[in-house]
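What follows is one structure encoded as C-alpha cells, with my remarks underneath.
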Amino acid sequence: MSNYEGTTASMPLCIFNLMNAILGSGILGLANAVRNLGVALFSIMLVAVSGLAFNSIRLLVDMCDYTGNSSYEAIGKAAFGTGGKIVTILNIFIHTLGAMCSFLFIVKYELPEVIRVIVGADECATDWYLNGDILMIMVTVIIIMPLAAARNIGFLGYTSGFAMLCMIFFTCVIVAEKFIIPCPIRVNETMVDTNVTQPTIIALSNNCFYVTESYSNVTHSNDDVITEVCHSRTSDIFVEFEEGLRSQTCDVKVVTWNNKSAYAMPTMVFAFQCHASVLPIYTELTNPTKGRMLKVAAISIINVFLLYFLAAVLGYLTFYSAVGPELLLMYSAYDPTNVIILISRIMVLICVIFSTPLLHYPARKSIVMLLFENKPFSWIRHIVIMLIILTTTNILVIFVPTIREVFGFAGATCASMLVIILPSLFYLRIGPGHLLSTKKIICLVLVVIGVGFMILSMALIIAGWIAQSTS
C-alpha cells in the first residue's frame, strides 16, 4: 500500500467511516425479518451474513494489495476485463438506486405522520400536505435535486456522521420503548378470536369507509365487528399495519417460516452492503496494512451487528406478530404524539433526506463510468443523468407496494453479488495461489452458495408476488 497517497485517516476515523457506510435504512426492515424467521433462525442468519460481509472485505483487501487497484470497479476489470468492470458498475448502480428508494420510502410514510402530529390533523384527514407521494415529490424537487445537482457534494459529508447518530439514537429508543408499549396494543380487538372471514366494505362516509369482519367462535355480542379505515391508509403497508394490529399475538416465535420469509436474508445482506466504500477507506488509513484494515472491518461489523441485533430483536419483542416492513411506522400504533418518537422520526427524516444526494453521487458516477468514461465534464449531461435517476427513484417509490420489496429485490440481486459472489469470483480469477488451494476452494463454494441463494430468493419472492396477485 505504499504507492497510495493521502493516507491520513486514523484507525478510529476509518472505523467511523466504515460504520457509516454499512448503517442505513436496512435497520428498519430487520425486525420484520425476525418476525418471518423467528428469533433463533434470524440470529443464526445475521451472524452468517456479517461473517460473509467480513470475508468479502478480506478478499477485496487482498486483491487491492495484489493488483494495486484501489476501487471495486478496477478490480473487476483486472479480473474479467471490461465485462467484469461493467457487471460491477451495474450492481453498484442498482444497489445505490435501491438504497435511494428505501430512503424515499421513509420520507413517503414518515413525513405525513410527523406533519399530522405537528398540525394536530385527524387520522382520516386527506389534505394534500398529508399525501405521502406529493410530499416525497416536493422534497425531491425542493431539497434533493438542488443538492444532487452540485458537481461536488463534499459539503454534505457531515450528514454521514449525523446519520449514524440517528441510527444509534433510534436503537436506544427501540430498547426503551420495549418496556413501555404493551402487548397487545389493541386489547379489545385482539382479545377476540381471530377466525375471521375476508373483510367486506359496507359503507362510505366522508374520508373513511367501514369494513365488516365476520367472526366465528367468538364471545362477542355481534357476529360482525365494524372497523373504520381511512382512505389515506389503504396502501399495502397500512393494510398490513392494520391487519397485524387486529390479529396481534404476543408469543415469541423461535423458528418459523411463511410466505414473507424469502425477504428476510436479502434484507440482511442489503443491510451489510458497504463493499464499494471499503477500498477508498483502506487507501486513506494511516500505515495501511492488511492487518490494520481487517481490524477496522472487524470492529465496524461487530458494532453494526450489535446495533442491528438490538433494533431487530427488541423491535420484534415490542410488536411481536404485528411487526410491519417499516419498523418506525409501528410506533404510531401506540402513541404517535410521543415526543421521543416524534424526535426520532424527525432525526431519521433529516438523515435520509440529506443522505439521498450522497447516494445519488455514486449512482451518477456509475452511469458516467459506464457510458461516458474519458469524456470531458458536461453540465447538460450532469443534470440530465440526475433527473433520470431521481425521476426513476420517485416512480419506483410511488408504485412499489412496500419498502420490504426494495430490501428483498436489491438484497437478493445486487447486494448478493457485491457481498458474496463478485469478491469470491474475482479472487478465484486473480488471487494468488493455485485453484485447489484452501482459500480458492472456499471462494468457489461461496460463489455457488451465493448464486444459489440469489436464484432461490428471487424465485420465492416472484412466487409470492404471483400468489398475492392471484389471491
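Summary of values
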item: Criterion (among the basic types (Lys, Arg), in a loop (DSSP other than H, G, I, E, B) and in the same structural domain as His382 (by TED's automatic domain parsing)) met by exactly one of Arg58, Arg151, Arg116; result: Arg151
item: All helices (runs of 4 or more DSSP H) inside the range 233-301 with 3 or more residues being at pLDDT below 85 and acidic (Asp, Glu); result: 236-246
item: Selected residue (criterion: farthest from Ala412 (Cα to Cα)) from residues of the range 445-471 that are surrounded by 11 or more Cβ atoms within 10 Å (Cβ to Cβ) and at pLDDT below 80; result: Gln468
item: Residue in the range 396-415 that is part of a loop (DSSP other than H, G, I, E, B), surrounded by fewer than 17 Cβ atoms within 10 Å (Cβ to Cβ) and either at pLDDT below 85 or in contact with a Cys (Cβ under 8 Å, 6 or more places away or on another chain) (or both) present; result: yes
item: Pro325 being under 20 Å from Val269 (Cβ atoms), of a type outside the set (Lys, Arg) and assigned to a loop (DSSP other than H, G, I, E, B); result: yes
item: Flag for Ser102 being assigned to a helix (DSSP H, G or I), at pLDDT 85 or above, hydroxyl-bearing (Ser, Thr, Tyr) and surrounded by 18 or more Cβ atoms within 10 Å (Cβ to Cβ); result: yes
item: Failed item in (1) closer than 20 Å to Gly24 by Cβ; (2) without any contact (Cβ under 8 Å) to a residue 40 or more places away in the chain; (3) not aliphatic (A, V, I, L, M), with Ser469 passing the rest; result: (1)
item: Residue that is without any contact (Cβ under 8 Å) to a residue 24 or more places away in the chain and in contact with a Lys or Arg (Cβ under 6 Å, 6 or more places away or on another chain), where the choices are Leu428, Leu371, Leu436; result: Leu428
item: Verdict on Tyr427 being hydroxyl-bearing (Ser, Thr, Tyr) and either modelled with pLDDT of 85 or more or not in a helix (DSSP H, G or I) (or both); result: yes
item: Tyr316, sole failed condition from (1) surrounded by fewer than 23 Cβ atoms within 10 Å (Cβ to Cβ); (2) at pLDDT 85 or above; (3) assigned to a helix (DSSP H, G or I); result: (1)
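Yes or no, residue by residue, for (1) surrounded by 24 or more Cβ atoms within 10 Å (Cβ to Cβ); (2) in contact with a Leu (Cβ under 9 Å, 6 or more places away or on another chain):
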| site | (1), (2) |
| --- | --- |
| Gly76 | yes, yes |
| Thr82 | no, no |
| Lys85 | no, yes |
| Leu97 | no, yes |
| Glu113 | no, yes |
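The values are calculated or read from the model by the stated rules, or taken from the named source; none is laboratory data. These numbers come from a predicted model, not from an experiment. Cβ sites come from the backbone with ideal geometry, for glycine too, and all protein chains shown count toward neighbours.
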